[in-house]
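Visitor: For reference, the structure I am asking about is given below.
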Amino acid sequence: MSVPVIPVHRPSPPVDARRWPDVARPPQVSRVRAAVAERIVRRAIRPLPLRVRLAGESEPAGRGGPLMEVRDPRAFFSRIAAGGTIGFGESYMAGEWDAPDLVGVLTAFAEHAATLVPRPLQRLRRVWAPAQPVGHRNTADATRANISHHYDLSNDLFTLFLDETLTYSSALFRGFPAAQHLLADAQHRKIDRLLDLVEAGPGTRLLEIGTGWGELAIRAAERGARVVTVTLSAEQQALAARRVREAGLDDRVTILLRDYRKITGAYDAVVSVEMIEAVGAEFWPEYFRTLDRLLAPGGRVALQAITMPHDRMLASRSTHTWIQKYIFPGGLLPSTEAIEETVRRSTGLAVTERDGFAPHYAETLRLWRERFTERADEVGALGFDETFRRMWTFYLAYSEAGFRSGYLDVQQLALTKGASA
């Protein structure tokens, strides 16, 4: 597997303070607080399979492994002292640290995520970790803005690094390492597996919650299903509608710009791919009750969901993270236990099948990241500056590391509704 080399000594251009106010300059913190943060970070790094070199130090510290170069230690530790993991990500965005193998560095951290912060500080997490902004709660009014923040960036941006199916979720490969030319087939394999779970075929009334750019709806309609698919992204709706027209499937696919809570009707099958991550924990019961309400007796649901360990979900569910601040406002990954418990308590549905395939998501993200890196100049030509490109590189590498380390999983789940329900 090739690892794109990032030049770690290339100076970063100035950060636009109007667009990136929290990245443009390090926060002001006391020397004591910065010193405490430095002590904690050095202690956390010591046992990791990682080498860390601070500017001014001749040799990197650590036990070996991928190299992390900290160009501006004062700014780096100040950001961590003020914002924890948010500061860690912002420091990368600002160019204050870099790594030739960014995924390798982030994987080393992810593999030891549970022990990086000393236990006494873990118990005080609510004191030192920022809380999620109230405005990011996924109420019916706020959800569209949260979705728009990510998915309405630019269809052209996503087209640059996704394959021709424009599928923005984990693919399912036949083997590893995967190659770019195999990605579209792997996405169809994933989609077909989900459609098989709900037995989609001629005449099936199928609801999709989370349209994306329309590939699953097209694939289901080609099987003969009658598809209603809903999204909150105006950009996605417009491009998905065009793709459906070009496929000659207007008579079988209806695309609605609508919140899942506002859907009506009865369906034989419901499919939702990596959408539950945008629902928010307080709304999980409502989400699953909606699936139950919309599903006809004897119907089936197929979900694809990114999951995290239950204890880590409980520890982090009320705090604000870098991913939530910059990539997915209001997002929260569920645990498998949370999904099954919510389904059991809130619905008449039952989880009947579950299968995880984390390594496939790691490969999917690697292919996206490599293509994003290769086409960085084209991303810039769309108006996305260097700070944005570093942010997205970090996001894709951070996510890939989560799956490579086993910290994250991706699951396909089948839920059924009894004929007597």
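The values are calculated or read from the model by the stated rules, or taken from the named source; none is laboratory data. This is a predicted model, so every value here is computed, not measured. With ideal geometry, Cβ positions are generated from the backbone for all residues, glycine too; neighbour counts draw on all protein chains shown.
Visitor: Report whether or not A397 is more than 19 Å from I86 (Cβ to Cβ) and among the hydrophobic types (A, V, I, L, M, F, W, C). Please lay out each step first, then the result.
Guide: Numbers: more than 19 Å from I86 (Cβ to Cβ): no; among the hydrophobic types (A, V, I, L, M, F, W, C): yes.
In short, no.
Visitor: Would you point out the residue of segment 54-72, among those that are buried (at least 18 other Cβ atoms within 10 Å of the Cβ) and more than 29 Å from the chain's Cα centre (by Cα), that is modelled with the highest pLDDT?
Guide: Let us first name the residues in segment 54-72 that are buried (at least 18 other Cβ atoms within 10 Å of the Cβ), namely 54, 62, 66-71.
Remaining after also requiring more than 29 Å from the chain's Cα centre (by Cα): 54, 62.
Values: L54: 92, G62: 77.
Looking at the filtered set, the residue picked out is L54.
Visitor: Kindly indicate whether any position in segment 304-320 is charged (D, E, K, R) and either part of a strand (DSSP E or B) or farther than 21 Å from E274 by Cβ (or both). Give the steps one after another, and end with the answer.
Guide: Of the residues in segment 304-320, the ones charged (D, E, K, R) are 311-312, 317.
When the remaining residues are screened for being either part of a strand (DSSP E or B) or farther than 21 Å from E274 by Cβ (or both), the result is 311.
Yes, the conditions are met somewhere in segment 304-320.
Visitor: Taking into account only those residues within segment 321-377 that are in a strand (DSSP E or B) and of a type in the set (D, E, K, R), which is surrounded by the most Cβ atoms within 10 Å (Cβ to Cβ)?
Guide: First, pick out the residues of segment 321-377 that are in a strand (DSSP E or B): 349-356.
Next cut, of a type in the set (D, E, K, R) only: 353-355.
Numbers: E353: 13, R354: 16, D355: 11.
The residue in question is R354.
Visitor: Kindly evaluate E69 against the criterion of being outside any strand (DSSP E or B) and either acidic (D, E) or in contact (Cβ under 8 Å) with a residue 12 or more places away in the chain (or both).
Guide: Numbers: outside any strand (DSSP E or B): no; either acidic (D, E) or in contact (Cβ under 8 Å) with a residue 12 or more places away in the chain (or both): yes.
The answer is no for E69.
Visitor: Still on this model: So if I check each of A114, A99, A129, which one is aliphatic (A, V, I, L, M), in contact with a strand residue (DSSP E or B) (Cβ under 6 Å, 6 or more places away or on another chain) and modelled with pLDDT under 75?
Guide: Details: A114 fails: in contact with a strand residue (DSSP E or B) (Cβ under 6 Å, 6 or more places away or on another chain); A99 fails: modelled with pLDDT under 75.
Residue meeting the stated conditions: A129.
Visitor: Now a separate question. Would you mind finding the one in R300, R261, R289 that is over 19 Å from G331 (Cα atoms) and part of a helix (DSSP H, G or I)?
Guide: Only one candidate passes the filter, namely R289.
Visitor: Among the residues of segment 256-285, which ones are surrounded by fewer than 18 Cβ atoms within 10 Å (Cβ to Cβ) and more than 24 Å from Y168 (Cβ to Cβ)?
Guide: T264, G265, A266, E282, P285
Visitor: Oh, and also: Answer yes or no: is there a residue in segment 306-324 that is touching a strand residue (DSSP E or B) at 6+ places or on another chain (Cβ under 6 Å) and within 21 Å of E208 (Cβ to Cβ).
Guide: The answer is yes; a qualifying residue exists.
Visitor: Let me ask you something else. Being crowded, with 21+ Cβ neighbours inside 10 Å and touching a strand residue (DSSP E or B) at 6+ places or on another chain (Cβ under 9 Å) is the filter here; which residues of segment 173-194 pass it?
Guide: Of everything in segment 173-194, those that are crowded, with 21+ Cβ neighbours inside 10 Å and touching a strand residue (DSSP E or B) at 6+ places or on another chain (Cβ under 9 Å) turn out to be K190, I191, L194.
Visitor: Is it the case that segment 297-312 has a residue that's without any contact (Cβ under 8 Å) to a residue 24 or more places away in the chain and of a type in the set (G, A, S)?
Guide: No, every residue in segment 297-312 fails to be without any contact (Cβ under 8 Å) to a residue 24 or more places away in the chain and of a type in the set (G, A, S).
Visitor: Identify all residues within segment 73-87 that are surrounded by fewer than 22 Cβ atoms within 10 Å (Cβ to Cβ) and among the charged types (D, E, K, R); write none if there are none.
Guide: R74 - this is the single residue of segment 73-87 that is surrounded by fewer than 22 Cβ atoms within 10 Å (Cβ to Cβ) and among the charged types (D, E, K, R).
Visitor: Name the residues in segment 72-94 that are of a type outside the set (D, E, K, R) and assigned to a loop (DSSP other than H, G, I, E, B), would you? Break it down into steps so the answer makes sense when it comes.
Guide: Step one: list which residues in segment 72-94 are of a type outside the set (D, E, K, R), which gives 73, 75-78, 80-89, 91-94.
Those that are of a type outside the set (D, E, K, R) and assigned to a loop (DSSP other than H, G, I, E, B): G84, A94.
Visitor: Right, V244: β-branched (V, I, T), surrounded by 22 or more Cβ atoms within 10 Å (Cβ to Cβ), within 20 Å of A414 (Cα to Cα) and touching a residue at least 24 places away in the same chain (Cβ under 8 Å) or not? Explain how you work it out, then say what you get.
Guide: Numbers: β-branched (V, I, T): yes; surrounded by 22 or more Cβ atoms within 10 Å (Cβ to Cβ): yes; within 20 Å of A414 (Cα to Cα): no; touching a residue at least 24 places away in the same chain (Cβ under 8 Å): yes.
Criteria not met by V244.
Visitor: Residues of segment 139-167 being touching an Asp or Glu at 6+ places or on another chain (Cβ under 8 Å) and surrounded by 20 or more Cβ atoms within 10 Å (Cβ to Cβ), which ones?
Guide: T143, Y151, T165, T167
Visitor: Condition (residue is buried (at least 18 other Cβ atoms within 10 Å of the Cβ), among the charged types (D, E, K, R), assigned to a helix (DSSP H, G or I) and in the same structural domain as D163 (by TED's automatic domain parsing)) applied to segment 380-398: is it met by at least one residue?
Guide: Looking for residues that are buried (at least 18 other Cβ atoms within 10 Å of the Cβ), among the charged types (D, E, K, R), assigned to a helix (DSSP H, G or I) and in the same structural domain as D163 (by TED's automatic domain parsing), one finds at least one in segment 380-398, hence yes.
Visitor: Sort through A296, A305 and tell me the only one that's out of contact with any His (no Cβ under 8 Å at 6 or more places or on another chain), farther than 26 Å from H149 by Cα and among the hydrophobic types (A, V, I, L, M, F, W, C).
Guide: Going through A296, A305 in turn, the sole match is A296.
Visitor: To continue, here is another question. Taking only segment 12-53 into account, find how many residues are of a type outside the set (S, T, N, Q), exposed (fewer than 11 other Cβ atoms within 10 Å of the Cβ) and under 21 Å from G84 (Cα atoms). Give the steps one after another, and end with the answer.
Guide: Within segment 12-53, the subset of a type outside the set (S, T, N, Q) is 13-27, 29, 31-53.
Adding the requirement that they be exposed (fewer than 11 other Cβ atoms within 10 Å of the Cβ) leaves 13, 18, 21, 31-32.
Pick out the ones that are also under 21 Å from G84 (Cα atoms) and you get 21, 31-32.
Adding up the residues that qualify gives 3.
Visitor: Are any of the residues in segment 29-47 at pLDDT 95 or above, outside the structural domain of Y361 (by TED's automatic domain parsing) and not polar (S, T, N, Q)? Working first, answer last.
Guide: So in segment 29-47, the residues at pLDDT 95 or above come out as none.
There is no residue in segment 29-47 that is at pLDDT 95 or above, outside the structural domain of Y361 (by TED's automatic domain parsing) and not polar (S, T, N, Q).
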